[in-house]
Amino acid sequence: MSRVEDVIANAAAEGRGVLIGYLPVGYPDLQTSIDAAVTLAENGVDIIELGPPYSDPVMDGPVIQEATNAALEAGFRTEHLFTALREITRRTDAPVLVMTYWNLVVQRGVGRYADEVREAGGAGLITPDITPDAAEDWIAASERTGLDRVFLAAPTSVDARLGLIVEKTTGFVYTVSTMGITGERAELDAAARSLVGRLRAQGAQRACVGIGVSSAEHVASIVEYADGAIVGTALVRALRDGGVEGLAAKARELAAGTVRHGATLQRN
């Protein structure tokens, strides 16, 4: 199994789901973003998602867009991603996945990008805007480098599409809780639970739920039926409003929701 898969399996053996935390690289500056990612790992986050800023972030809500725009305005370059990866993975054993829009990979070259992620200590890529049937080059590069490839599944996906996603994904399937952009929501859609069940029926061994997760209560609800919860906006907001200390407090709060309290993970 990959490092990501090992972390998920180890958490399950401990009676909990994993907490996956997203932060943009370079926000509010490069060094602080590195320190912030390490802080996540030190305060209960099992897997780190590192997002290189992009000028056309179709999936990102306003809080994340604000942060990535600030990073771009401050001069973020792709080389900064690999600098951050090297430093973060030197300071923590938590796997680091790069959540990147596909155009950034293509601009650099798929094989080169994969090599640089691996050499910098990254665990793989989450690719929100490319589907497995359009990702032949990336699938080949990930097989060659041993990187995980995390594809997204949405509630609107038909079963045949879900089957393809399950077949081509490694690490975990990124299960989108609701249609639309990222951001906190008071209640997660029931569609997330249904979608995880449909993914299980297609053979998914690991499915983690993201989009709209902002509280320990959300996390606790998700780990009843999924392998983990993915949090982005709530963490970026905590970093923006409270700095690294505020981020640490939010991570600890969210991590408290990962324990299953004796319940067994529901697999449909």
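Just a few scattered comments:
- Among residues other than ARG161 with Cβ under 12 Å from its Cβ, the summed charge is -1 (Lys and Arg +1, Asp and Glu -1).
- Full extension of the chain segment joining GLU245 with GLU119 gains 42.3 nm, where the gain is 0.36 nm per residue of separation less the Cα-Cα distance.
- Inter-label distance for ASP129 and ALA74, nm, one decimal - labels placed 7 Å from Cα along Cα-to-Cβ: 2.3 nm
- Backbone geometry of region 169-175 corresponds, through the Karplus equation with coefficients 6.51, -1.76 and 1.60 at θ = phi - 60°, to 3J(HN,Hα) couplings of 7, 10, x, 6, 7, 7, 9 Hz, x marking Gly and Pro.
- From phi via Karplus (6.51, -1.76, 1.60), per-residue ³J(HN,Hα) for region 210-215 in Hz, x at Gly/Pro: x, 5, x, 8, 9, 9
- Distant-in-sequence amide H partners of TYR27 (H built 1.01 Å from N, under 5 Å): SER33
- Database remark: amide H of VAL173 closer than 5 angstrom to the amide H of ARG206, ALA207, CYS208 (H placed geometrically; neighbours at sequence offset of 5 or more, or on other chains; Pro and chain starts carry no H).
- The HN-Hα couplings worked out from phi for region 97-111 by the Karplus form 6.51 cos²θ - 1.76 cosθ + 1.60 (θ = phi - 60°) are 9, 8, 9, 10, 5, 5, 4, 5, 6, 4, 4, 8, x, 4, x Hz, whole numbers, x standing for Gly and Pro.
- Surface composition of the chain: carbon plus sulfur atoms contribute 47% of the solvent-accessible area (1.4 Å probe, protein chains only, all chains present).
- Beta bridges per DSSP, both residues in the chain: antiparallel share near 5 percent.
- Radius of gyration, Dmax [region 99-234; alpha carbons; angstrom]: 14.9, 42
- Counted residue by residue at 0.36 nm each, then reduced by the alpha carbon distance between them, the extension gain from SER2 to GLU224 reaches 77.6 nm.
- Label-to-label distance, nm, for residues given as ARG252 and GLU143 (7 Å Cα→Cβ offset): 4.6 nm
The values are calculated or read from the model by the stated rules, or taken from the named source; none is laboratory data. None of the values given here were measured: they were computed from a predicted structure. For neighbour counting, all protein chains shown are included, and Cβ atoms are generated from backbone atoms with ideal geometry for every residue, glycine included. Calculation scope for accessible area: heavy atoms of the full protein, side chains included, ligands and nucleic acids excluded. Shrake-Rupley method; radii C 1.70, N 1.55, O 1.52, S 1.80 Å.
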